[in-house]
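Below: the structure, in structure tokens.
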Amino acid sequence: MNKTILVTGGAGYIGSHTVVELIQADYKVVVVDNLYNSSIGAIQAISGIVGQKVIFYEADCADKKILHKIMTKHSPDAVIHFAGYKAVAESVVKPLLYYRNNLDSTISLLEVMREHNCTQLVFSSSATVYLDAKEVKYNEATTKTNRPFSPYGTTKLVQEYILEDTVHGEQFDNLSGLQVVSLRYFNPIGAHSSGDLGEDPNGIPNNLAPYITQVAVGRLEQLQIFGDNYNTPDGTCLRDYIHVVDLAKGHLSGLEYLFKQSGKFFDAINLGTGKPASVFDVLHSFVKAVGRKIPYKVVSRRDGDLPEFYADPSKAEAVLSFVTKLDLDKMTADSWNWQSKHPNGFN
Ligand code: NAD
Ligand code: UD1
């Protein structure tokens, strides 16, 4: 029988793309999202792409009563937990909002999973857990001696600790034990190839790709490049951009890996390409996709930016047999296809 996967935050950017891949791989999917940072339009877009209605609950993951009802009705075999707040700068200003939402939702979810004998979880972690470590190329053994750059990053690290501690504790022992795979994403960009599902940030985007597409579509005046005097080949920062559809597929690999485990199990795995690209590389790739110049100016460095930050993806290949397939030009072409088809996002 097809397995049922509960997807929290499944109306969001990465969650919605993952729901498409799950349904197309014949999983039964139940989405829970409070639509804090997403819209019902994403759920409708998923339905359009997969050609079936999506089971969707507008609910908060910290609301145990509702989660309990949903789990009673659908008895999920596993959970993919995307729900959380993710804006780095906002987390610096409103740390309590971030600690409350991100930690509460994870703790409540674990408690309800335990009540319902649901013991397998894929968690959305972030490369931000590595920030302030001193290495350049990050692998899973990189020591996390310093705290992450932002309260957001700290919530991700603490959630990993909560998950790891719960795996090693005894509260799931009368079941099979808890099994968790924590996926540490690098920089997801791109959109579904249909152009009907993509990133739709609230307000002015903080991240590079949605900022560029909003300039290209005329919603913003020009891109500001945060520094071109770093010690890198073209002076701008290097990052590890990963196509959101590759990333979504990584979650299916993560699930398959979980299903092979029994007993107490925790593992953290990077999802990135391992191929760094500079801000100018991304901009030039967008210029090709859009077919005209994109206005920009170089301004001073942004606080907290590291010159180079990219994944060692070898563990994902070794344990998940996961390798990314889509290159930077495909990422920017798909982002632009989405933005140009939907200049105002889902609205
Ligand atoms: P997103 O904001 O688009 O999606 C998160 C979804 O969770 C949203 O739809 C939001 O409404 C929902 N949500 C938030 N709190 C909730 C709650 N308490 N109950 C129910 N729903 C809730 O973000 P995304 O880019 O799709 O990211 C998904 C996950 O991946 C997040 O946990 C994020 O921290 C993590 N992550 C994202 C990135 C990135 O660059 N996008 C990088 C690393 C990690
Ligand atoms: C940021 C977050 C990180 C999160 C990641 C993916 C910070 C410090 N880190 O990483 O926690 O996991 O997003 O969501 O915010 N840039 C410009 N102009 C812009 C926007 C960005 O030049 O308008 C540059 C940045 O300086 C950086 C690169 O583009 O060099 C990528 O920036 P961004 O998309 O914000 O991602 P990160 O900073 O890598």
For segment 177-270, what's the relative contact order in percent, using C-alpha pairs closer than 8 Å and at least 6 residues apart?
-> 53
Ignoring ligands, DNA and RNA, how do Lys28, Lys73 rank by accessible area with a 1.4 Å probe, largest first?
-> Lys73, Lys28
By how many degrees, between 0 and 90 and to the nearest 10, does the Cα long axis of helix 151-168 differ from the longest principal axis of the chain?
-> 30
Whole-percent carbon and sulfur contribution to the accessible surface of segment 146-191 (1.4 Å, no ligands, DNA or RNA) stands at 46
Average accessible area per residue (Å²) across the chain - probe 1.4 Å, nucleic acids and ligands excluded | 44
For Leu238, distant residues with modelled amide H under 5 Å away = Glu308, Phe309
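Just the number, please: percent antiparallel of the DSSP beta bridges in the chain, rounded to the nearest 5. Don't skip to the end; give the middle numbers.
Values: 2 of 43 bridges.
Bridges in the chain that DSSP calls antiparallel: roughly 5 percent.
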Just report the Cα centroid separation between segment 29-51 and segment 271-347, whole Å.
-> 24
Calculated Rg and Dmax of segment 1-47 using C-alpha coordinates, Å | 10.1, 33
Under a GNM of the chain (C-alpha, springs under 10 Å), which listed residue has the highest mean-square fluctuation: Asp281, Asp200, Asp240?
-> Asp281
Tilt, helix 13-24 to longest principal axis of the chain (alpha-carbon atoms), in degrees rounded to tens, equals 60
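Which entries of Lys156/Lys325; Lys275/Lys341; Lys3/Lys249 have Cα-Cα distances beyond 23 Å here? Write out the running numbers ahead of the final one.
Working: Lys156/Lys325 27 Å; Lys275/Lys341 29 Å; Lys3/Lys249 16 Å.
Too far apart for the 23 Å limit: Lys156/Lys325; Lys275/Lys341.
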Crossing angle, helix 95-115 versus the chain [Cα axis fit, 0-90 degrees, rounded to tens] = 30
Kindly write out, for segment 38-52 in residue order, the coupling ³J(HN,Hα) from the Karplus curve 6.51 cos²θ - 1.76 cosθ + 1.60 (θ = phi - 60°), rounded to whole Hz, with x marking Gly and Pro.
-> 7, 9, 4, x, 5, 5, 5, 5, 4, 4, x, 6, 8, x, 8
State log₁₀ I(q)/I(0) for the chain at q = 0.10 Å⁻¹ as given by the Debye formula over alpha-carbon point scatterers of equal weight, solvent excluded.
-> -0.57
At 1.4 Å probe size, with no ligands or nucleic acids counted, give the accessible surface of Phe186 in Å², nearest ten.
-> 10
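Report the full-extension gain for the segment Ile107 to Val298: residue separation times 0.36 nm, less the Cα-Cα distance, to one decimal in nm.
Details: separation 191, 0.36 × 191 = 68.76 nm, distance 4.28 nm.
Full-extension gain reported as 64.5 nm.
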Note down the accessible area of Glu170, probe 1.4 Å, to the nearest 10 Å².
-> 140
Residue among Leu320, Leu121, Leu97 with the largest mean-square fluctuation in a Gaussian network model of the chain, springs linking Cα atoms under 10 Å = Leu97
Under 5 Å from the placed amide H of Val31, counting only residues 5+ away or on other chains, we find Val7, Ile55, Phe56, Tyr57
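The values are calculated or read from the model by the stated rules, or taken from the named source; none is laboratory data. In this text the structure is predicted, and so the values were computed from the model without any measurement. Only protein heavy atoms, including side chains, enter the accessible area calculation; ligands, DNA and RNA are left aside. Shrake-Rupley method; radii C 1.70, N 1.55, O 1.52, S 1.80 Å.
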